[in-house]
Protein chains: 4
Amino acid sequence: MKKLRIGLIGAGRIGKLHGENLANSVAEADLAAVADPLMNEEIRAWAADLGIASCYEDAQKIIEDPEIDAVFICSSTNTHADLIKQAASAGKHIFCEKPIDTDLAKIREALDAAESAGVKLQVGFVRRFDHNHKAVRDTVAAGTLGAPHIVKVTSRDPDHQPMEYIATSGGIFMDMTIHDFDMVRYLAGSEVTEVTAYGAALSGAGYDEYNDIDTAIVMMKFENGALGVIDNSRAAHYGYDQRTEVHCDRGCVQVANDLNNTAMISSADGVSVAKPTWFFLERYNDAFIAEAKAFAQAVLNDTPVPVTGFDGLQPVKIAMAANLSLEENRPVRLSEIEA
Amino acid sequence: MKKLRIGLIGAGRIGKLHGENLANSVAEADLAAVADPLMNEEIRAWAADLGIASCYEDAQKIIEDPEIDAVFICSSTNTHADLIKQAASAGKHIFCEKPIDTDLAKIREALDAAESAGVKLQVGFVRRFDHNHKAVRDTVAAGTLGAPHIVKVTSRDPDHQPMEYIATSGGIFMDMTIHDFDMVRYLAGSEVTEVTAYGAALSGAGYDEYNDIDTAIVMMKFENGALGVIDNSRAAHYGYDQRTEVHCDRGCVQVANDLNNTAMISSADGVSVAKPTWFFLERYNDAFIAEAKAFAQAVLNDTPVPVTGFDGLQPVKIAMAANLSLEENRPVRLSEIEA
Amino acid sequence: MKKLRIGLIGAGRIGKLHGENLANSVAEADLAAVADPLMNEEIRAWAADLGIASCYEDAQKIIEDPEIDAVFICSSTNTHADLIKQAASAGKHIFCEKPIDTDLAKIREALDAAESAGVKLQVGFVRRFDHNHKAVRDTVAAGTLGAPHIVKVTSRDPDHQPMEYIATSGGIFMDMTIHDFDMVRYLAGSEVTEVTAYGAALSGAGYDEYNDIDTAIVMMKFENGALGVIDNSRAAHYGYDQRTEVHCDRGCVQVANDLNNTAMISSADGVSVAKPTWFFLERYNDAFIAEAKAFAQAVLNDTPVPVTGFDGLQPVKIAMAANLSLEENRPVRLSEIEA
Amino acid sequence: MKKLRIGLIGAGRIGKLHGENLANSVAEADLAAVADPLMNEEIRAWAADLGIASCYEDAQKIIEDPEIDAVFICSSTNTHADLIKQAASAGKHIFCEKPIDTDLAKIREALDAAESAGVKLQVGFVRRFDHNHKAVRDTVAAGTLGAPHIVKVTSRDPDHQPMEYIATSGGIFMDMTIHDFDMVRYLAGSEVTEVTAYGAALSGAGYDEYNDIDTAIVMMKFENGALGVIDNSRAAHYGYDQRTEVHCDRGCVQVANDLNNTAMISSADGVSVAKPTWFFLERYNDAFIAEAKAFAQAVLNDTPVPVTGFDGLQPVKIAMAANLSLEENRPVRLSEIEA
């Protein structure tokens, strides 16, 4: 089998996750190199264990390597756009973790660079590869239920992030809801045209000190006429609550959470069942593998990537609109975000 | 057992439903009379079968009967407020179907009349007596999950009403969502302070010809800080979709639909389960009985009714705010509706 | 509507249950009289409340009453066979609670009497009218899944009966499993030809003192080639566990328990759901009504009753075979029970 | 991390499955060599892809290699016992696929050899490592529900094996139910003392031509007093039906199947949900990894293996007893199998 030779840029939590999947579970990939500005013995040992031949501090070593076909950009967000431009210039295909950037102009420059260079660019909205959400999307797309009318996403993290993280996260809509903004576009098969956001800091964990919120509901309108709603909490406590639903003209498709197991324990004290899986490492583990395989196959077969640069741009715009809506307590059209 | 002697005013669909429950399933009640301006042989036979002693065309016969303790007002909406005032004057306790009226001033007059007369007035928000929604409410009220953060209601009718009905229904918010506006107050244990409504006519059934919609999402804020959302459809097609959920500070309680049975049929062709119960007669049958028993017991024991006149007033105000929000595409404070 | 005039014989727990259903919820029935050898003020008040015109000590008063069309025999088991014979002689149609008797010869005499008299005889296996088990049966009978291969019944009572009851109950197979023996015939659509029974007294509640057991598994073979298994416990503790399943040539149909509600409560402590309904009054309430309606309709329309005298005989024979199997620790053919 | 150097013996379907898990997903293992009498280019390429250094035709090369710590025996069943003896003599720790053999004397010799040599021997009953069945076992073992009373296993393969396979399979009890015989011991925490087996060839696929059956129910008694039952089908058609349940003195724990996803699709046509996962590759994938990790950890930490040689012996004896029971249509004590 012809394999895609891949260089990994960034060996933090998400970089290592992708690296292990590429090395162990993606038969189409050959993970040849890893670069991280904080390269150290621990990363070198990790790389050796996975059979990665080369370790660098400087990502340019990967970008300049003629043996490398593609890069996985898993470095900090503020480096994504520049790395995309450099990799594109060097003719590398690109997988980039979300978000590309939080500045629309920078995102557009990166997208233009990839397009001009004729390289593929896939953005890391992993939930599209989850067996549950994909079943919802596939059902809607099949059309047997008719046009979508109501798109619903419940997305709650299991527990609070550290407040130091919150301080620089960019706010709930850009940091957390951005996945849901991608999801509603994916499920509706249509673009968001307007949002109204309600939010509050209800947990007492201190989000308001950072002008942030821990609880949100966002309504939206889509080009195809459908309406949508997302509800978020930073701390569900019972696990990772990831439910989606689309009500269509002739019926409804909805998914429940994946649970740790299917056990039901019944006694005089009551009946208990298992909790949902705890967080994205448990819930989206298989989706991360499917995502990487899909990228490798798109490059090897020269077919379109399943999540495009445009798909990376739109949720950022929706998050900006949601921020403005929350600030001014009014519906905000996506067209207001263009300037 | 001392029984409450009841006169039924109105023998249409909902009146007959209450009449049969009072006669057959509410041991605390003695259904003594029925009045309907269209009194005929069919109603007389129905009454005879239930052991109802007296049949009248004129509701005044019931109101003036010294043997009658209480009335069930199940006549057309535009007669509710006047009948409440008359029954109150005659010292009858009152159960009145929702809505009391669609005019706030008339509702207030009726409420004042009942209060002045010192009679009990219960309004027919039957869903509060449903085993599922009550379990949500009881869990929230118990406080073990902490304060409510997100209140969610999905409420979809099984199929379109005739367009002649829609023409005079008062619109989706006043006709259908009004039950959900009561439900969110009940679940949150707090008053709605603001709503934003999105709506559309997507089914092609002709709601737009009556300036009405068939699909809606309404967000709301509560006095206690919680946020809420309702989604509605006039035609779910698979049955009566009645789900509620409250996410609280330390966890979540949610209910699924009641199904026709628990059968699961598995074959190479797939796995099927039973549909939800079709509509309110199937889904809320037990709740209607519980509602009537609760009224009878409140009167007999002189305890507070579980759904007050004020509970009848508030959802009308929220529906008015939702209408204004939809019309002007902006958040509307409940305080704007007072004037 | 023409109504069936019914006399109720026996006003104990099950008699009152049928009486209330006939009076309140079976429009085809007119409950005209009740007889109980222990007739007293409490029963008379109960009857008055239901509008029952006549109360007797002596069941013969009902049997001799030319105005009575049919009797409900709800007296103690040892009176059933004689009452059937007397009622049949008087030309009354008969609903008889299970079991008809525990003596095969007496059962046959009763069946012969009803047949000779040309009256209808329905036996009270109420579970056939349950929405869940009926869905299993209907699916099997429809034939789309092919011939039945494996028939499974789980049947566990919520808690121990008093030991005084156990002392004279006739043993678990005749007292409790007899319902399941009827159920497997109903589901398989075929007769049991052989059983092997395993049993034990494991609860420590004292069943072994009465030569009885509290836990049982019974395997069986059917005429149509299918195999079956029933598992029983006298004390499930979490509620009434009533599950059935048939695996067929091309797939499987199974039902879960009815629960008190559909609530799911999730928190860091775990996820809990509602318990099954507690016992037969809650679980089979609607089935008792459907059973009585089915009898009334069969008589009024002169169509076959859904549960025949033969259906009353067979489970007694299976219970006898199971007792013999347990005693001798060997498979027992039903043909051994004929003598 | 210190790693266990492993040699894989047998590169058929199950050998490759273990090989890929050891190479990719068991951090504690270093898969150093593979041997297969049919070694060819396809296996060499597979091995190269996984980074396996050495490929042999002769398993002795692995057994004699002083660098190898442990072997995975995945060759044909008739070679297991000899390979265990040889590997034990060479001081290798041993993971052996089930069954060790179908001859009790040979199994005992192999077990003795491993014990004498002081090497660890783990047998491949992978289902013990499944998240669902493990949850049942853990709940029972925790003791909060009290002693087990009823142990139930439903185990149905998705579809028929080729009849050539059936011809030499050893029969359903030795080939398929053997997993369930292990499971009931695991769940009950007690030894089987007696079985009664019912079986039939109902599918029309031709099992009877090989004196085999496609449908079975087996009842059993346990040393601790509990009763048990297994039901089997060779062809469920809807997927791999793998459910277990233990009813205990104070309650019940049960597990449902893993489904392909949690989607529920509702329309006027009905409500459908996803099928169970198709077969063991999908259902027990994670369990195979957990099994291999458990073996590696037991060796590295010198702790007891979770599935012993004795655990490999007992199910073979139970299968023999079931065969005898089916043949003679009588209960068979395990003690009869000793001779």
> Using beta carbons and a limit of 8 Å, which pairs, at least six apart or on different chains, have the first residue in segment B:254-278 and outside any loop (DSSP other than H, G, I, E, B) and the second one small (G, A, S) and open to solvent by 40 Å² or more (accessible area, probe 1.4 Å)?
Replying inline: B:M264/B:S272; B:M264/C:A256; B:I265/B:S272; B:G270/D:S272; B:V271/D:S272; B:S272/D:S272; B:V273/D:S272
> Just one of the numbered conditions (1) among the small types (G, A, S); (2) surrounded by fewer than 24 Cβ atoms within 10 Å (Cβ to Cβ); (3) in contact (Cβ under 8 Å) with a residue 12 or more places away in the chain; (4) assigned to a strand (DSSP E or B) is not true of C:G228; which one?
Replying inline: (2)
> Does segment B:197-218 contain any residue that is within 7 Å of another protein chain (Cβ to nearest Cβ), free of Cβ contacts under 8 Å to residues at least 24 places away in the same chain and not β-branched (V, I, T)?
Replying inline: yes
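Yes/no matrix, rows are residues, columns are (1) modelled with pLDDT of 95 or more; (2) touching a helix residue (DSSP H, G or I) at 6+ places or on another chain (Cβ under 8 Å):
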| position | (1), (2) |
| --- | --- |
| C:E115 | yes, yes |
| C:N132 | yes, no |
| C:V140 | yes, yes |
| C:T168 | no, no |
| C:H179 | yes, yes |
| C:Y186 | yes, yes |
| C:G189 | yes, yes |
| C:G206 | yes, yes |
> What do you reckon, is B:D112 closer than 18 Å to B:Q314 by Cα, among the acidic types (D, E) and within 17 Å of the chain's Cα centre (by Cα)?
Replying inline: no
> Residue check, D:A339 against (1) surrounded by fewer than 19 Cβ atoms within 10 Å (Cβ to Cβ); (2) modelled with pLDDT of 95 or more, all met but one. Which one?
Replying inline: (2)
> Looking at C:T102, C:T79, which is the one that is β-branched (V, I, T) and more than 19 Å from C:H179 (Cα to Cα)?
Replying inline: C:T79
> Among the residues of segment C:148-171, which ones are out of contact with any strand residue (DSSP E or B) (no Cβ under 6 Å at 6 or more places or on another chain) and within 14 Å of chain D (Cβ to nearest Cβ)?
Replying inline: C:D157, C:P158, C:D159, C:H160
> For residues in segment B:231-253 being under 24 Å from B:D159 (Cα atoms), within 14 Å of chain C (Cβ to nearest Cβ) and in a strand (DSSP E or B), which is nearest to the chain's Cα centre (by Cα)?
Replying inline: B:Q242
>> Given (1) polar (S, T, N, Q); (2) under 19 Å from the mean Cα position of the chain (by Cα); (3) closer than 22 Å to B:L259 by Cα, identify the lone condition not met by C:T168.
In response: (3)
> Among the residues of segment B:26-50 satisfying the criterion of being touching a helix residue (DSSP H, G or I) at 6+ places or on another chain (Cβ under 6 Å) and surrounded by fewer than 22 Cβ atoms within 10 Å (Cβ to Cβ), which is nearest to B:Q86 (Cα to Cα)?
Replying inline: B:E28
>> So for segment B:123-130 (the condition being on the phi > 0 side of the Ramachandran plot and within 14 Å of chain C (Cβ to nearest Cβ)), does at least one residue qualify?
In response: no
> Only one residue in A:A23, A:A53 is open to solvent by less than 40 Å² (accessible area, probe 1.4 Å), within 14 Å of another protein chain (Cβ to nearest Cβ) and not hydroxyl-bearing (S, T, Y). Which one?
Replying inline: A:A23
>> Quick check on segment D:264-278: of everything there that is under 32 Å from the mean Cα position of the chain (by Cα) and open to solvent by less than 40 Å² (accessible area, probe 1.4 Å), which residue is farthest from the other protein chains (Cβ to nearest Cβ)?
In response: D:T277
>> Every residue in segment A:81-100 that is more than 25 Å from A:K3 (Cβ to Cβ) and in a helix (DSSP H, G or I), please.
In response: A:A81, A:D82, A:K85
>> Please determine whether any residue of segment C:289-312 is touching a Pro at 6+ places or on another chain (Cβ under 6 Å) and more than 19 Å from C:I107 (Cα to Cα).
In response: yes
>> Give all pairs with beta carbons closer than 7 Å in which a residue from segment B:135-153 that is over 19 Å from A:I213 (Cα atoms) and β-branched (V, I, T) meets a residue that is open to solvent by less than 20 Å² (accessible area, probe 1.4 Å) and part of a helix (DSSP H, G or I); count only pairs at least 6 apart in sequence or on separate chains.
In response: B:V136/B:L187; B:V140/B:L187; B:V153/B:D180; B:V153/B:M183; B:V153/B:V184
>> I'm trying to understand the selection: among the residues of segment D:60-80, which are open to solvent by less than 50 Å² (accessible area, probe 1.4 Å) and more than 20 Å from D:A292 (Cα to Cα)?
In response: D:D65, D:T79
>> If I go through segment B:285-333 residue by residue, how many of them are without any contact (Cβ under 8 Å) to a residue 12 or more places away in the chain, part of a helix (DSSP H, G or I) and away from every other protein chain (no Cβ under 14 Å)?
In response: 1
> Are there any helices (runs of 4 or more DSSP H) wholly within segment A:101-203 with 1 or more residues that are open to solvent by less than 10 Å² (accessible area, probe 1.4 Å) and of a type in the set (S, T, N, Q), and if so which?
Replying inline: A:131-142
>> Just the residues that are among the acidic types (D, E) and either touching a Leu at 6+ places or on another chain (Cβ under 9 Å) or in contact (Cβ under 8 Å) with a residue 24 or more places away in the chain (or both), please, taken from segment A:154-182.
In response: A:D157, A:D159, A:D180, A:D182
> Only one of these conditions is not met by A:E57: (1) closer than 21 Å to A:V299 by Cβ; (2) modelled with pLDDT of 95 or more; (3) out of contact with any Asp or Glu (no Cβ under 6 Å at 6 or more places or on another chain). Which number is it?
Replying inline: (1)
> Does any residue of segment A:255-263 turn out to be β-branched (V, I, T), open to solvent by 20 Å² or more (accessible area, probe 1.4 Å), within 14 Å of chain D (Cβ to nearest Cβ) and in contact with a Lys or Arg (Cβ under 9 Å, 6 or more places away or on another chain)?
Replying inline: yes
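The values are calculated or read from the model by the stated rules, or taken from the named source; none is laboratory data. Keep in mind that what you see is a predicted model, and the values were worked out from it rather than measured. Glycine gets a Cβ as well: all are built from the backbone with ideal geometry, and neighbour counts include every protein chain shown. These accessible areas exclude ligands, DNA and RNA; they are computed on the full protein's heavy atoms, side chains included. Shrake-Rupley method; radii C 1.70, N 1.55, O 1.52, S 1.80 Å.
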